[in-house]
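The values are calculated or read from the model by the stated rules, or taken from the named source; none is laboratory data. Everything numeric here is computed off the predicted structure, so don't read it as measured data. Here the Cβ positions follow ideal geometry from the backbone for every residue, glycine too, while neighbour counts run over all protein chains shown.
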Amino acid sequence: MDQTASGIESSWLRKQFTRIRSTQEFVVFLVLVLLFIIMSLASPYFLKTQNLFNLLRNMSTIGVVGIGITMVLITGGVDLSLGSIVAVTAMFTARMLWMGIPSLVAIPAGFLLGFLLGAVNGLVIAKVGVPPFITTLGMMSIARGLTYLFATGVKGAVASNIGVTNGFILAVGGGYLGVVPNSVIEMVLLVIIFQWFLNNTTLGRQVYALGSNREAARLSGVNIVKVEVFVYTLTGGLCALAGLMYAGLLSTAATNAGVGMEMDVIAAVVIGGASLSGGKGTIIGAVIGAAIMAIIKNAFVLLHLPTFVQTITLGLVVVLAVAADNLRKD
Amino acid sequence: MKAGRGPVHPGLFPKETIMRKGFMDRASEILVAEGVTKRFGGLVALDEVHLQIRRGEVHALVGENGAGKSTMMNIIGGVIRRDEGSIRFEGKEVDFATPMEAIDSGIAVIHQELSMMPDLNIIENVYMGRMETHYGRIMWDVMAKKTAQQLSRLGLTIDPYKKINRLTTSHRQMVEIAKAISTNAQLIVMDEPNSSLTESESERLFTVIDNLQKEGISIIYVSHKLDEVLRIADRITTFRDGQYVGTLERSEASVKKIIRMMVGRDVEVCSYPAGKTGDPVLQVRGLNGQMFQDITFSLKRGEILGFSGLVGAGRSELARALFGADPVMSGEVILEGRPVSFSSPQKAISAGLAMLAEDRKTQSIFPNLPIWMNLSISRLSQMSRYGVVDWKKVARIVNEYTAKFSIKMGNNQHPISSLSGGNQQKVILARWLAVNPQILILDEPTHGVDVGAKADIYTFIHQLAAEGLGIIFISSEMPELMALCHRIIVMHEGSITGVLSRDEFSEERIMTLAAGYAEQTV
């Protein structure tokens, strides 16, 4: 009898292992582990606690925005405006604080702006039917323009940045809990919450349904406008948080914050197994993708390699990750 | 067709001559496949199957969905490669790595879902990949002439510069065939070529097949429609569950015999007794929409109301409008005594409607998502508390319905695309019954479904009506409508041309009304 029970258990374990092994996240995770091992052999500084936490802190903004972008990609959309929304929300809050508006108003207002711009993206896409690429390309420019607007009038013409002294923002972006940076804790919490959300809520499952077959989703009673507006709005809000993290880390809100960030975030999400054609992807995957990118960036700093090599390598990694997944399916 | 005029291609002889003379015994078979095996992961799609195609014959390949027909055709056409076995084409061992290699050798495959470029013209579609050029300049005139020639061989005179998206489905089908013969194919594979053709369009296709055969071209005809198979095929090969069952000469074949070979048992479209009907549950008065006008009818509880008509009669459009998927222009819909108008399917579902959509692939399934989710999607919000899915309820519903519909599957975590067409359709049917509807709209529920699953679906429809559901049953297959329905409404170009009650059912009457002729009651 004992034997049978343990037999069932081991076959259950084996099944679970086969299930995990068959996901793309697992392959990407192996790549991460491999990079980790290589780096710890290549550089004596890599395994230092401070370096590891720096690395994690550097990926936390990408991880946080990546949560929203994963969902956007699962619905079959894309959001190019994320970097600009990161900049404009932080600048909006910083400007209000600079004007002497209390942080209890200024900080929520920044989030509100993030949600609002995201919702505008979502409504234009879902209600008007403008393709996500075009809508968010437009928003990318609009939000960047607004960033300059909010920066003007500070010490003369266009200020390139506004200093941030608010304790809360500094804590969000640059504070520590023991040795662990706060931003890392924030990222981990949000990842857990939203991974659970995607798997276990009606809305989360409808995100997948929408991306897998839009017409079938509509005919099955999924409110596709609601789902689409939700994912872009959430992304806007997460961008606002990333904006605060960024501003808190640098003690300043910069007009050029988040420039080129869409490349990093979308790359991380795609490395993690999401497909640009929709219906596929996980937040855990996106975080692993972000970690791979962070290790590669870290490697070039520790090994004193020129920046152009890093840029080329990151580009190669994105294409190779997707190519490897396609080859594996054959 | 005169013998003795030099080396004439053997295909040009009438095939009786070849058989009688037997002078080409070895070469009388254009394609011989032996012991072909193909595995997808753990699934054995083809298990040592055989297939022998004679020169100049129409060879039908039949079998339930999932029997391995399409896999076999994909191997022959170079879309996928076999794992084991041998295939000899024109006496030579072949193993095509790409469809292009197959085409170059003289095999053309017309796939089930037409693979055309809708925004390009006929010439481009016919000659794509092998455009005739002169120093890089495309020779439009030359190709236009040739295209027109190929089309006229099929009895068609259309402007070769016309874009594909402006052609009817049957014309697109003809363009695909023109493409196949323009490659000088000696063997043409047609995978369910007329699943979206009307009767008259099918007739034309048969004439074309007949002409091709006279020219000595061999044809493999994959189909579910056994009547047609018996009409046009010289021999019929049956596959079942990835295995070769047998090959029959037409003279020894019958629908009953083939069905027995396909399913391993006897199945008949027996007539179901009409169940009791109750109060009207749905009344439609003077409904107008994009593709239908002035529709008035009522549906009772427990009633199966059939909708017959040709392609373009507006039946699916009417169903979509009732379900809130398309807008209604004017008219009244009364559900259980209350006037309703649905702005989205979501609202229709919460009011007690369900609709199994016409095209499973594009309108129903979420191909890469697990079976459980495909089944539970429409009810997911009811199985949640504060938006959080209650997994126990989901598991119960999924287990209940997969058992009730005897859905054959390994594990409900697998993607629905791993199931056969019939089982996919059962999952979608289960999706709709899980929401406990008052009214169920079924739009071609047995389209592309194998014989066994068809019989199951008929039984479910009959049972559901007996349980008091009002059922709107749209179908292009008259026998199934006549077997199940209480009444049949016939539509023609968006209008109702007649309503028949059970004692008035006959194929002739339905066809007359569907063709737009008013009924002459004698």
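For the reader, a short list of remarks on this structure follows.
- Against the numbered list (1) within 30 Å of residue B:423 (Cα to Cα); (2) crowded, with 16+ Cβ neighbours inside 10 Å; (3) within 21 Å of the chain's Cα centre (by Cα), residue B:469 comes up short only at (3).
- Considering residues of the stretch B:250-282 that are modelled with pLDDT of 75 or more and among the charged types (D, E, K, R) only, the residue surrounded by the fewest Cβ atoms within 10 Å (Cβ to Cβ): B:252
- Which numbered condition residue B:131 misses (of (1) surrounded by fewer than 19 Cβ atoms within 10 Å (Cβ to Cβ); (2) in contact with a strand residue (DSSP E or B) (Cβ under 7 Å, 6 or more places away or on another chain); (3) in contact (Cβ under 8 Å) with a residue 40 or more places away in the chain): (3)
- Selection within the stretch A:170-212 - β-branched (Val, Ile, Thr) and more than 19 Å from the chain's Cα centre (by Cα): A:179, A:180, A:201, A:202
- All conditions in (1) touching a residue at least 60 places away in the same chain (Cβ under 8 Å); (2) in a helix (DSSP H, G or I); (3) crowded, with 24+ Cβ neighbours inside 10 Å hold for residue A:115, with the sole exception of (3).
- Given (1) within 13 Å of another protein chain (Cβ to nearest Cβ); (2) in a loop (DSSP other than H, G, I, E, B); (3) touching a helix residue (DSSP H, G or I) at 6+ places or on another chain (Cβ under 6 Å), index of the condition residue B:382 fails: (3)
- Screening the stretch B:445-474 for residues that are assigned to a loop (DSSP other than H, G, I, E, B) and in contact with a helix residue (DSSP H, G or I) (Cβ under 8 Å, 6 or more places away or on another chain) and picking the one that is nearest to residue B:300 (Cα to Cα) gives B:445.
- Total residues in the stretch B:294-318 satisfying the condition of being buried (at least 17 other Cβ atoms within 10 Å of the Cβ) and either outside the structural domain of residue B:345 (by TED's automatic domain parsing) or at negative phi (or both): the figure is 17.
- Odd one out for residue A:240, checked against (1) within 24 Å of residue A:142 (Cβ to Cβ); (2) surrounded by fewer than 20 Cβ atoms within 10 Å (Cβ to Cβ); (3) aliphatic (A, V, I, L, M); (4) more than 14 Å from chain B (Cβ to nearest Cβ): (2)
- The stretch A:273-299 - residue that is under 18 Å from residue A:199 (Cβ atoms) and outside any loop (DSSP other than H, G, I, E, B) and, of those, nearest to the other protein chains (Cβ to nearest Cβ): A:285
- Between B:190, B:131, the distinction of being among the hydrophobic types (A, V, I, L, M, F, W, C) and modelled with pLDDT of 85 or more belongs to B:190 only.
- Check on residue A:60, crowded, with 24+ Cβ neighbours inside 10 Å, more than 13 Å from the chain's Cα centre (by Cα) and either part of a helix (DSSP H, G or I) or at negative phi (or both): no
Yes or no, residue by residue, for (1) in contact with a Lys or Arg (Cβ under 9 Å, 6 or more places away or on another chain); (2) surrounded by fewer than 24 Cβ atoms within 10 Å (Cβ to Cβ); (3) within 14 Å of another protein chain (Cβ to nearest Cβ):
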residue: A:171; (1), (2), (3): no, yes, no
residue: A:191; (1), (2), (3): no, yes, no
residue: A:210; (1), (2), (3): yes, no, yes
residue: A:215; (1), (2), (3): no, yes, yes
residue: A:226; (1), (2), (3): no, yes, yes
residue: A:248; (1), (2), (3): no, no, no
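- Within the stretch B:51-79, residues that are basic (Lys, Arg) sit with their Cβ atoms under 6 Å from residues that are part of a loop (DSSP other than H, G, I, E, B), at 6+ positions apart or across chains, in these pairs: B:69/B:63.
- The residues in the stretch B:333-355 that are in contact with an Asp or Glu (Cβ under 9 Å, 6 or more places away or on another chain) and surrounded by 18 or more Cβ atoms within 10 Å (Cβ to Cβ) can be counted, and the count is 2.
Condition check ((1) in contact (Cβ under 8 Å) with a residue 40 or more places away in the chain; (2) under 20 Å from residue B:210 (Cα atoms); (3) outside the structural domain of residue B:214 (by TED's automatic domain parsing)) across all residues:
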position	(1), (2), (3)
B:139	no, no, yes
B:145	no, no, yes
B:150	no, yes, yes
B:159	no, no, yes
B:165	yes, no, yes
B:169	yes, no, yes
B:176	yes, yes, yes
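- Exactly one residue among A:53, A:46 is surrounded by fewer than 24 Cβ atoms within 10 Å (Cβ to Cβ) and not in a helix (DSSP H, G or I), and that residue is A:46.
- Residue in the stretch B:356-366 that is assigned to a loop (DSSP other than H, G, I, E, B), of a type in the set (Ser, Thr, Tyr) and either at the interface with chain A (Cβ under 9 Å from one of its Cβ atoms) or within 19 Å of residue A:210 (Cβ to Cβ) (or both) present: no
- Note on the stretch B:292-323: residues that are without any contact (Cβ under 8 Å) to a residue 40 or more places away in the chain and not in a helix (DSSP H, G or I) total 1.
- Test result for residue B:418, within 12 Å of chain A (Cβ to nearest Cβ) and either polar (S, T, N, Q) or farther than 30 Å from residue A:277 by Cβ (or both): no
- Test result for residue B:211, surrounded by fewer than 20 Cβ atoms within 10 Å (Cβ to Cβ), assigned to a helix (DSSP H, G or I) and more than 19 Å from the chain's Cα centre (by Cα): yes
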